[in-house]
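What follows is a set of notes on a single structure, which appears directly below.
The values are calculated or read from the model by the stated rules, or taken from the named source; none is laboratory data. Since the model is a prediction, treat every value here as computed from it, not as a measurement. Here the Cβ positions follow ideal geometry from the backbone for every residue, glycine too, while neighbour counts run over all protein chains shown.
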Amino acid sequence: MNEYETQVHGGVTVVRAPDRLDMVAAPKLKQLVDRTVQEGDGRVVVDLGGTSFVDSSGLGALIGGLKTARQAGGDLRIAAAGEQVTMVLRLTNLDRILKPHPGVEDAARGW
């Protein structure tokens with residue numbers, strides 16, 4: 001699965017985030033999540049397993065994607081967040097809204 005590609009995993013669309021989820025990459029990720037939801041799949045998991053850095057733009061894209069998915073009756077979950085990403089989520093208290101799951105399979109369960 002290449003950067004920004006999606007795949008369906010158990011009825012859930014998995015979006016792989018890039019290595020750096022920053023002001024350059026964030027708009028592309030947000031557009032992909034928006035398009036996925038518009039095409040009828042409101043259940044989205046963002047795989048952060050390969051993401052080593054996230055900034056405020058990246059957080060904004062994740063929150064924006066969450067809002068889009070929820071407005072469509074779905075949800076957005078994050079999976080496999082590394083140490084830096086997890087720390088940023090904790091420091092901003094966004095880990096309460098975007099609860100990190102250990103892996104894609106865990107995030108895809110229980111819809």
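For segment 56-77, a tally of residues being of a type outside the set (D, E, K, R), closer than 20 Å to His101 by Cβ and without any contact (Cβ under 8 Å) to a residue 24 or more places away in the chain returns 0.
Considering segment 68-110, the residues that are among the aliphatic types (A, V, I, L, M) and more than 13 Å from the chain's Cα centre (by Cα) include one that is farthest from Thr6 (Cα to Cα), namely Leu91. Listed conditions (1) touching a helix residue (DSSP H, G or I) at 6+ places or on another chain (Cβ under 7 Å); (2) in a loop (DSSP other than H, G, I, E, B) are all met by Ala69, apart from (2).
Name the single residue, out of those in segment 1-21 being surrounded by 14 or more Cβ atoms within 10 Å (Cβ to Cβ) and assigned to a loop (DSSP other than H, G, I, E, B), that is modelled with the lowest pLDDT. If we take residues in segment 1-21 being surrounded by 14 or more Cβ atoms within 10 Å (Cβ to Cβ) and assigned to a loop (DSSP other than H, G, I, E, B), then Tyr4 is modelled with the lowest pLDDT.
Just so you know, in segment 42-55 the residues that are in contact with a helix residue (DSSP H, G or I) (Cβ under 9 Å, 6 or more places away or on another chain) and surrounded by fewer than 19 Cβ atoms within 10 Å (Cβ to Cβ) include one that is farthest from His101 (Cα to Cα), and it is Asp55. Taking each residue of segment 78-106 that is assigned to a loop (DSSP other than H, G, I, E, B) and looking for partners that are among the basic types (Lys, Arg) with beta-carbon atoms closer than 9 Å, six or more apart or interchain, yields Leu98/Arg77; Lys99/Arg77.
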